[in-house]
Amino acid sequence: MASKKQKKQYPKKYPMKKNVKKPFQLSPSYILFSLFLIVFIFFGTLVFLSARNSSSSTNGSSDSGSEEQQFIVQTAEYAQTLKEEYGVLPSISVAQAILESDWGRSELSVKNNNFYGIKGSNPDQTVMMNTKEFVDGKWIEIEAPFRKYASWQESMDDHAKLFANGTTWNPDQYASVLAAADYKEAAYALETSGYATDPDYPVKLIRLIEEFDLHQYD
């Protein structure tokens, strides 16, 4: 009996499984870390910018303070020399120079070395400029002739001579300023003698003198 042919046995083929990509999921720890990093960078930037602005501001204030201190030392030294000759308190001279010239930065002081806003009458030695005057209880703007000087020292000389010699119509006009016992008395004597029209002039001078210890030069 013929034997049946045996069928060849082939290994079974199984369908290949397709790699199915799982959707990317952020873990809670990764999210927290990312948020922390963003917040850290944000606040770090704010701190850096704040520190830089503060440094710039400090440097600006320092420069301004240095200029002001230099102005005080410069004028105070010369004012002490003038006191020996004319008797004007250096604290008053320096405070007036600060107030009238804005620390030597006003147009009148920069271009014409006039620290005190002293007026004149000679056209060859004056310059016309606008100024404010307190008249009849209110401020008005007028144009007036102000003296021109070759140097700021000449301006301080003229200021001291004005107090010592008075005006052409009253030689003793500022005698009370020279006779004052201290800077406070001298500041109010300036008002009563008619030096300035600003009713707050004495208070402004006293504030400057005390803020910058100008009385130490008296």
*For segment 189-198, in order, what is each residue's ³J(HN,Hα) by Karplus, 6.51 cos²θ - 1.76 cosθ + 1.60 with θ = phi - 60°, in whole Hz (x at glycine and Pro)?*
5, 4, 5, 5, 8, x, 5, 10, 8, 5
*asked:* Largest first and in whole Å, what are the equivalent-ellipsoid semi-axes of segment 145-205 based on the Cα gyration tensor, each being the root of 5 times an eigenvalue?
replied: 20, 14, 12
*Could you order PHE36, PHE71 by accessible surface area, starting with the largest, using a probe radius of 1.4 Å?*
PHE36, PHE71
*Per-residue accessible area for ASP124 at 1.4 Å probe radius, Å² rounded to 10?*
130 Å²
*asked:* Within segment 142-218, what whole-number % of the accessible surface is contributed by carbon and sulfur, with the 1.4 Å probe and all protein chains included in the calculation?
replied: 48 percent
*Which entries of LYS111/LYS184; LYS83/LYS184; LYS148/LYS204; LYS132/LYS204 show an alpha-carbon separation above 23 angstrom in the structure shown?*
LYS111/LYS184; LYS148/LYS204
*With a 1.4 Å probe and every protein chain left in place, tell me how much accessible area ARG207 has, in Å² to the nearest 10.*
140 Å²
_Check which residues have an amide H placed less than 5 Å from PHE146's amide H, if you skip close sequence neighbours._
GLY120, VAL127, MET128, MET129
_Residues of segment 87-126: accessible area per residue with a 1.4 Å probe, Å²_ = 40 Å²
*asked:* Give me the net charge for the shell around GLU154: Cβ to Cβ below 11 angstrom, other residues only, Lys and Arg +1, Asp and Glu -1.
replied: +1
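The values are calculated or read from the model by the stated rules, or taken from the named source; none is laboratory data. Since the structure is predicted, the reported quantities are computational estimates derived from the model, not experimental observations. Here Cβ is always computed from backbone atoms with ideal geometry, including for glycine, and neighbour counts include all displayed protein chains. These area figures cover heavy atoms from the full protein model, side chains too; ligands, DNA and RNA do not enter into them. Shrake-Rupley method; radii C 1.70, N 1.55, O 1.52, S 1.80 Å.
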